[in-house]
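Step one of this worksheet: look at the structure below.
The values are calculated or read from the model by the stated rules, or taken from the named source; none is laboratory data. Keep in mind that this is a model prediction, so the values were computed, not measured. Glycine also receives a Cβ, built like all others from the backbone with ideal geometry; neighbour counts cover every protein chain displayed. Remember, those area values only see protein heavy atoms, side chains included, never the ligands or the DNA or RNA. Shrake-Rupley method; radii C 1.70, N 1.55, O 1.52, S 1.80 Å.
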Amino acid sequence: MSSSTTSSCDGSGDRSPPAASAGPASASAAAAEGPAARSRRRQCRDVFWLVVFLLHLLVFGAALALFGLNRFRQADRFNIGRYANLTAEPWGTPAGSPDPAPAPPSVYRSEDPTVPASELTETYWKYYGAAGGVGAVLAWAWLAAAAWRKDGGRLVMRTAVHSLTAYLAVVSVLCFWGKHFFWGVALAVGAGLHFLYVMSVLDRFPFTMLVLQKAVRMVRELPDVMRISYAFVLVMLCWMALWSFGVSGIVAFGIPNGGQWWLLLIFAVSLFWTGAVLSNTVHVIVSGMVFLVLIHGGSAAATMPPKPLLKSFQYAVTTSFGSICYGSLFTAAIRTLRWEIRGIRSKIGSNECLLCCIDFLFHIVETLVRFFNKYAYVQIAVNGQSFNRSARDAWELFQSTGIEALVAYDCSGAILLMSTILGGLITGTCTGVWTYYKQSDKAVMVGSTSMLMGMILVGLTVVVVESAVTSIYICYAEDPLLIQRWDPEFFEQMSEALHDRLQYRSSRARQILNGRLDHLPHTSSI
């Protein structure tokens, strides 16, 4: 079904004009008008995906409760084990034997009176409770350290760049020590790829640090958005309580033939989508606030509308929530893939065959980015458009103004992703080590799912800074004078960096064109 499906939420059928097509002046005017005037034009967008997400919560919530209760204080109270036994290997002697041996006590059979403590939901629930606590503490500590220090951007960047490679290597060694060779190899490869990526983008770090410092300054000027982020961490913890209860039942329920891992994968995707929706809801709220501050010249300006945070929150959880649900499915994966391909592409030498393959993948990803990019959330916050239209408008705005060259040069998104992964690794390691000493055969299973919990919780606070970065770029593309009025020195630095990037792209395009012309066959002049 098309993502442009809409349903009226209010009496008006008017649509808010897109900022990208209306031009900087009209976009500024549209953003500067009162919230009451804009609310009359807002409609629910991408309603189909809103319904899908709510049904997903209902179905998966019921399934989690079922799996958790199935082994809570009693083994297989709902007799789900009869379905697992359909794929299990039969007990006893081989087939064809006239007298099969009696089956030993089964963990699937509800009539089994002996229930090992290690196979009950409450045995594993405490590990996930610890994971949620560690992840929440790391999330709050990260935002506090980033926002309340003048050099918060520098601290965030140095921690992410220098710590992640080392931490991946250490966890890889721990996996080898615990004889989990697959995970050891996977984490070692991750450490190597991260190191290579950092080496390939070292020249971009000065500009990235500049952008992060200004984004952190913007967040510091808006303490209310940090409270919103903390509140959403609590909301996510409430959902994780149910999720960890159900997953603990799955871990305790020894499904054979890899069934546990498949179930955990399905519920991990569900948790990731839920976390991405909450994270992008915070993204929309913060983007709306930052845009208003830049439009009106400061949070204390007399022209600021009353209760802007409440209005931004209202739009995010009502008319724009369907678009948030839709975009949350794809943007993270596509954005990460784009960073990796850009890093590889920039380091390819004269290997024409490899360059051709990478260029093919690059153009595919660039096409997807037009429809799924994080800058769409700023347009959603300001104009209330559908996700795909917002993404196209934002990308066309960047392409028409040349800001895309600056966005591609900036690594702040990758740095913030590193912080999120580092938070998840710390959470997963703490939980996995504790599980290893109590239930060594479940350490990887519990540790990997705990890592996902930590990443989601830390991501809910990291997104505050990321929203400030994306809003700064959108405002600079819409009307550079907004940035000049907010910080003249930063405006000059941005303009100089943009000029350098456009010159670099122009000279590189000439080199490529001249190189291709040199390979053309020479013809005699007539």
- Message: So, in the range 121-147, exactly how many residues are touching a residue at least 24 places away in the same chain (Cβ under 8 Å), under 30 Å from D76 (Cβ atoms) and not aliphatic (A, V, I, L, M)?
- Response: 9
- Task: Could you please give the count of residues in the range 150-187 that are outside any helix (DSSP H, G or I) and open to solvent by 40 Å² or more (accessible area, probe 1.4 Å)?
- Result: 4
- Among the numbered conditions (1) outside any loop (DSSP other than H, G, I, E, B); (2) closer than 30 Å to S440 by Cα, tell me where V284 comes up short. (2)
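Return yes when V156 is under 18 Å from S412 (Cβ atoms) and either aliphatic (A, V, I, L, M) or touching a residue at least 24 places away in the same chain (Cβ under 8 Å) (or both) and no when it is not.
Taking the combined requirement at face value, the residue satisfies it.
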- Task: Being crowded, with 22+ Cβ neighbours inside 10 Å and more than 30 Å from A130 (Cα to Cα) narrows it down to one of A391, A497, A443, so name that one.
- Result: A391
- Based on what the data block shows, is S106 part of a helix (DSSP H, G or I), at pLDDT below 90 and closer than 30 Å to V247 by Cα? no
- Item | Where G428 falls short, out of the listed (1) modelled with pLDDT of 90 or more; (2) exposed (fewer than 15 other Cβ atoms within 10 Å of the Cβ); (3) within 25 Å of V269 (Cα to Cα) | (2)
- Message: Tell me yes or no: at least one residue of the range 240-253 is touching a residue at least 24 places away in the same chain (Cβ under 8 Å), under 25 Å from K311 (Cα atoms) and aromatic (F, W, Y).
- Response: no
- Do the conditions hold for V463, that is, is it of a type in the set (A, V, I, L, M, F, W, C), touching a His at 6+ places or on another chain (Cβ under 7 Å) and modelled with pLDDT of 90 or more? yes
- In the range 485-495, anything assigned to a helix (DSSP H, G or I) and at pLDDT below 90 is listed as R485, W486
- Condition check for L498: over 23 Å from G153 (Cβ atoms), hydrophobic (A, V, I, L, M, F, W, C) and either assigned to a helix (DSSP H, G or I) or touching a Pro at 6+ places or on another chain (Cβ under 6 Å) (or both): no
- Query: Between a first residue in the range 428-455 that is outside any helix (DSSP H, G or I) and a second residue that is open to solvent by less than 40 Å² (accessible area, probe 1.4 Å) and among the small types (G, A, S), which pairs have beta carbons less than 7 Å apart while being 6 or more apart in sequence or on different chains?
  - Reply: Q439/S118
